[in-house]
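Enquirer: I have a structure here, written as structure tokens, and I will follow up with some questions on it.
Every read-out reported here was derived from the displayed coordinates using simple, explicitly stated rules and does not represent laboratory data. All values reported here derive from a predicted model rather than from experimental measurement. Glycine also receives a Cβ, built like all others from the backbone with ideal geometry; neighbour counts cover every protein chain displayed.
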Ligand code: SAH
Ligand code: DHB
Ligand code: MG
């Protein structure tokens, strides 16, 4: 029987191994270039929170964009443009990314970051509350990929909008769907946990969707819920 000390070292070793694997995957499959690093540096400089997706999540978004042949992508929640750069780079010539951001200061940082990354021509930041901007997008639908990563309590409403604004075969991804009590119902859930749980429950059970939550952020304590809009 391992004693407590051995249990602790084993857990530490496992965490270390997971970090090494993650670093190796990042280096090989999802290295950051100067433009991505510079988007993070501007975010830091402007005092924005550093709550962007990880490089592996960025690469997964690109993989999903390729899988659904994405030409039009919608993002809800831009922050400093880090995920937006990953998404815009997945677009073919003539493709379009629209990203929605409530904070005009964030939107300015995003526009600069998109310019430096060379994706300003195919990307547009719209400033406002997502629930006010989404109805105006109906004329520009369908989007091939929707990435939801803004405030968490409207996540169920964002799912309704994503379903309205997509086509069969489109992919809907939502960030921060795994952490805390976001995957099961509990009496002591806070408002965010209850809302994201509702998002997950609907993504899992809506007959129009094939969905899966994946624990894939840095220490596998948070992650994406990924849904494909069924073709049949
Ligand atoms: N997708 C980004 C991180 C987004 S953080 C990345 O990975 O790089 C969440 C962003 O959503 C913040 O910039 C915040 O200002 C914005 N946001 C919060 N509430 C919003 C709302 N109601 N409508 C639009 N944007 C919102
Ligand atoms: C928070 C929001 C995010 O979108 C995220 O990826 C991490 C943290 C937050 O509000 O704390
Ligand atoms: Mg997030």
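Enquirer: Answer rounded, prolate or oblate for the range 1-143, using the Cα gyration tensor with square roots of eigenvalues a ≥ b ≥ c: rounded when a/c is under 1.5, else prolate when a/b is larger than b/c, else oblate.
Expert: Values: a/c = 2.19, a/b = 1.94, b/c = 1.13.
Prolate is the answer for the range 1-143, as a/c is 1.5 or above and a/b outweighs b/c.
Enquirer: Mind running the shape call on the range 75-232? Use the C-alpha gyration tensor, a ≥ b ≥ c as the square roots of the eigenvalues: rounded below 1.5 for a/c, prolate if a/b tops b/c, oblate otherwise. Spell out each step's value before the answer.
Expert: Numbers: a/c = 1.73, a/b = 1.40, b/c = 1.24.
Here the range 75-232 falls in the prolate category.
Enquirer: Follow-up question, since we're still on this one. Classify the range 184-232 from the C-alpha gyration tensor, please: rounded if a/c falls under 1.5, else prolate or oblate depending on whether a/b exceeds b/c. Present the calculation step by step, with values, prior to reporting the outcome.
Expert: Numbers: a/c = 3.35, a/b = 1.34, b/c = 2.49.
Oblate shape, in that a/c is at least 1.5 and b/c is the bigger or equal ratio.
Enquirer: Can I ask one more? Restricting to the chain, what percent of DSSP beta bridges are antiparallel, rounded to 5? Please list the in-between numbers first.
Expert: Working: 11 of 30 bridges.
The antiparallel proportion sits near 35 percent.
Enquirer: Which FRET efficiency, nearest 0.05, do residue 45 and residue 120 yield, Cβ-Cβ r, R0 25 Å?
Expert: Values: r = 19 Å, r/R0 = 0.78.
For residue 45 and residue 120, the calculated efficiency is 0.80.
Enquirer: If one takes the longest principal axis of the Cα atoms in the chain, at what angle in degrees, from 0 to 90 and to the nearest 10, does the Cα axis of helix 155-164 lie?
Expert: Between helix and principal axis, roughly 40 degrees.
Enquirer: If you don't mind, another one. Measuring from centroid to centroid over Cα atoms, what is the spacing of the range 100-140 and the range 16-61 in Å?
Expert: About 21 Å separates the Cα centre of the range 100-140 from the one of the range 16-61.
Enquirer: If you average the sequence gap of Cα pairs under 8 Å that are 6 or more apart and divide by the length of the chain, what percent do you get for the contact order? Mind dumping the intermediate values first?
Expert: Working: 405 pairs, mean separation 38.3, N = 232.
Averaging sequence separation for qualifying contacts and normalising by length gives 17 percent for the chain.
Enquirer: Here is a follow-up. Kirkwood hydrodynamic radius, computed over distinct alpha-carbon pairs, for the range 5-83: how many Å, to one decimal?
Expert: Numbers: mean 1/r = 0.0671 Å⁻¹.
Kirkwood hydrodynamic radius for the range 5-83: 14.9 Å.
Enquirer: Compare the peptides 37-46, 131-140, 75-84 by average per-residue count of other Cβ atoms within 10 angstrom and give them in order, highest first. Spell out each step's value before the answer.
Expert: Values: 37-46: 16.0, 131-140: 13.1, 75-84: 27.9.
Put in order of decreasing packing, that is 75-84, 37-46, 131-140.
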